[in-house]
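Student: Got a structure for you, written out below as structure tokens; questions coming shortly.
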Amino acid sequence: MALVKARKIDGAKPAGAAEGGDPLAWLEDADPARRRQAAHALGDRPDAVPALSARLTREEDPSVRETLLTALVRIGTAAAAAALVPHLASEDVGLRNGVIESLQQMPAAVAMPEVAPLLTAADSDLRIFAAQLIGKLPHPDRLDLLAGVIDRDPHVNVCLSAVEALMEGGDPAALPVVERLSGRFPDDPFVAFSVDAARRLFSGA
Amino acid sequence: MSLPSDKGPSDKGDTAGLSAADYDAFCRFLRERTGLSFTEAKRYFVDRRVSERMAAVGVEHVRQYLNLLRFQASGEELQLLVNRMTVNETYFFRELYQLDCLVNAALDEVVRGRPPGSRVRIWSAGCATGEEPYSIAITLLERWSRVDEFEIELYASDIDSQVLARAREGIYEQRSLQAMPRDLVAKYFTRLDDQSWQIMEELRDSIDFSLVNIADPQQMENFRGMDVIFCRNLLIYFDDLGRREAASMFYDALSPNGFICLGHSESMSRMSSLFVPRRFPDAILYQKPQS
């Protein structure tokens, strides 16, 4: 028979616990596995936020980057959220998407104060990211912030991101807000299509 | 202690235990949406799981919860409830297409370039009462043409010590064996009585069963160098961050180019960007990149 008895794994024994040293130092190790190990170990250390953020800026290995992001989400402080926000302006799509996903997974009360100011950023892409993010944060200001986008943002694509975010939330109270967009962009066929889709969604038709 | 199922129709109306009308509405909804069918005899089973899910999402009234199931855009809560409803329905050769994929394609890729006699490590994470790791063992022995060329280590783990004890014992009733051909039952099991069969000692001894919480990084550090991980219908019970951390730990546990098999309704792309989806003729698996 080709099956051999596997070596015994004792789940209660912390195999790596005896390893000494400061995980902060491992963040700069040449071995990606060591850097991942460092990020794992730092996920409960709020004092490590600056180091994790700095490493995130330089990190090119996707698996380490993912672990750095996860560590910042696990720390979950306002400082951790603030450390993520600047990376939304990165040219690296993978990093940007990772940051969006990470901010979504942080407590809304922590993420919202860092994300909401982006609604007034000069870069419309940042405003779109902010609208998408706010749509997924269970926060009491969510509807008001997205309504503000729909009523005031000059860029139709930002407004449509807010519409999409409101539709994903599924709250029928959002329908009057969405309908106001037709008045701002009466000749835009995609606005008409989106508002109609929202009506159908919220009426259950 | 009397069970809710022993009672007549409840007049509590809107909280689980479900009233007769609500129970009917629930069963009709689940049947229409999922094909799952529950009779009156399953009332306690359904009631308990609905109550658990209502508590988990913070909904007090059954009709509110039913509305959540009906109208939630993501369908996540329905999936969670369905998994709770089906969690005890495991059996040998469940989701056979992934076992097909293992022996038809994935293992050949795993051992490419390895000399004869090399170790191959396969881990069933969340193995419950053992049907999955034993199904893997039998599938390898019966259907992988290169099985005798390698030394294959099978690991199985669960967080529940009671189900692990049952897995080690390897005694199953007819329901667990329903999808297994009779000749394989005869080959690998000993009939104990009219109701139960025990899997042969050689197979029981070949698998390392261990008590492991996959959410615990220290415990997960013991698992390294795995070539294939089966983690089916387990991560659905984790929150987003928990799934992401578990995916990261599985990444560390896998060898480069190793595979992870998730349940048919689960997608690694919604949990983590660490793995590459690989579409094989029989199934989609997720692979750890070479570097």
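The values are calculated or read from the model by the stated rules, or taken from the named source; none is laboratory data. If you're wondering where the values come from, they're calculated on a predicted model, not measured in any experiment. FYI the Cβ positions are ideal-geometry reconstructions off the backbone, even for glycines, and counts take in every protein chain you see.
Student: Just the residues that are within 12 Å of chain A (Cβ to nearest Cβ) and among the charged types (D, E, K, R), please, taken from region B:202-241.
Tutor: The answer is B:202, B:204, B:205, B:208, B:216, B:221, B:224, B:239, B:240.
Student: Still on this structure, please answer the following. Consider residue B:71 against the criteria (1) closer than 18 Å to residue B:235 by Cβ; (2) at pLDDT below 85; (3) surrounded by fewer than 14 Cβ atoms within 10 Å (Cβ to Cβ): it satisfies all of them except one. Which criterion is unmet?
Tutor: Of everything listed in (1) closer than 18 Å to residue B:235 by Cβ; (2) at pLDDT below 85; (3) surrounded by fewer than 14 Cβ atoms within 10 Å (Cβ to Cβ), residue B:71 misses just condition (1).
Student: On the basis of being within 14 Å of chain B (Cβ to nearest Cβ) and part of a helix (DSSP H, G or I), does residue A:96 make the cut?
Tutor: Spelling it out, residue A:96 is indeed within 14 Å of chain B (Cβ to nearest Cβ) and part of a helix (DSSP H, G or I).
Student: Which one is modelled with the lowest pLDDT among residues in region B:176-189 that are assigned to a helix (DSSP H, G or I) and in contact with a strand residue (DSSP E or B) (Cβ under 8 Å, 6 or more places away or on another chain)?
Tutor: Ranking the qualifying residues of region B:176-189, first place goes to B:177.
Student: Somewhere in region B:188-211, is a residue under 24 Å from residue A:68 (Cα atoms) and surrounded by fewer than 22 Cβ atoms within 10 Å (Cβ to Cβ)?
Tutor: No, every residue in region B:188-211 fails to be under 24 Å from residue A:68 (Cα atoms) and surrounded by fewer than 22 Cβ atoms within 10 Å (Cβ to Cβ).
Student: Another question, then. Given the structure, is residue B:63 loosely packed, with under 14 Cβ neighbours inside 10 Å and among the basic types (Lys, Arg)?
Tutor: It is true that residue B:63 is loosely packed, with under 14 Cβ neighbours inside 10 Å and among the basic types (Lys, Arg).
Student: Anything in region B:146-175 that is assigned to a helix (DSSP H, G or I) and acidic (Asp, Glu)? List them, or say none.
Tutor: Hits for region B:146-175 are B:148, B:149, B:169.
Student: Any idea how many residues of region B:87-142 are assigned to a strand (DSSP E or B) and buried (at least 23 other Cβ atoms within 10 Å of the Cβ)?
Tutor: 6
Student: Report whether or not residue A:58 is more than 21 Å from residue B:224 (Cβ to Cβ) and either at the interface with chain B (Cβ under 7 Å from one of its Cβ atoms) or modelled with pLDDT of 90 or more (or both).
Tutor: It is true that residue A:58 is more than 21 Å from residue B:224 (Cβ to Cβ) and either at the interface with chain B (Cβ under 7 Å from one of its Cβ atoms) or modelled with pLDDT of 90 or more (or both).
Student: Could you list, in sequence order, the residues of region A:74-91 that are within 12 Å of chain B (Cβ to nearest Cβ) and under 16 Å from residue A:64 (Cα atoms)?
Tutor: A:74, the sole residue that qualifies.
Student: Go through region B:40-60 and give me each residue that's within 23 Å of the chain's Cα centre (by Cα) and either buried (at least 18 other Cβ atoms within 10 Å of the Cβ) or in a loop (DSSP other than H, G, I, E, B) (or both).
Tutor: B:46, B:47, B:49, B:50, B:53, B:54, listed by residue number.
Student: Need at least 3 residues that are within 14 Å of chain B (Cβ to nearest Cβ) per element, so show me which helices (runs of 4 or more DSSP H) inside region A:132-205 make the cut, counting only ones lying wholly within it.
Tutor: Output list reads A:156-169, A:189-203.
Student: Does residue A:140 meet the test of being in contact (Cβ under 8 Å) with a residue 12 or more places away in the chain, at negative phi, surrounded by fewer than 21 Cβ atoms within 10 Å (Cβ to Cβ) and not hydrophobic (A, V, I, L, M, F, W, C)?
Tutor: no
Student: Look through A:6, A:15, A:81 and report the one residue that is part of a helix (DSSP H, G or I) and either outside the structural domain of residue A:129 (by the TED database) or modelled with pLDDT under 95 (or both).
Tutor: A:81
Student: A follow-up question, please. Please identify the pairs in which a residue from region B:148-166 that is assigned by the TED database to the domain that holds residue B:230 and touching a residue at least 60 places away in the same chain (Cβ under 8 Å) has its Cβ atom under 6 Å from the Cβ atom of a residue that is among the acidic types (Asp, Glu) and buried (at least 16 other Cβ atoms within 10 Å of the Cβ), counting only partners at least 6 apart or on another chain.
Tutor: Partner pairs satisfying both residue conditions: B:155/B:208.
Student: Which one of these is among the hydroxyl-bearing types (Ser, Thr, Tyr), in a helix (DSSP H, G or I), over 15 Å from the mean Cα position of the chain (by Cα) and outside the structural domain of residue A:126 (by the TED database): A:57, A:70?
Tutor: Checking each option against the conditions leaves just A:57.
Student: When residues of region A:120-153 are filtered for being closer than 23 Å to residue A:98 by Cα and either outside the structural domain of residue A:192 (by the TED database) or of a type in the set (D, E, K, R) (or both), how many remain?
Tutor: Residues flagged as closer than 23 Å to residue A:98 by Cα and either outside the structural domain of residue A:192 (by the TED database) or of a type in the set (D, E, K, R) (or both) within region A:120-153 amount to 5.
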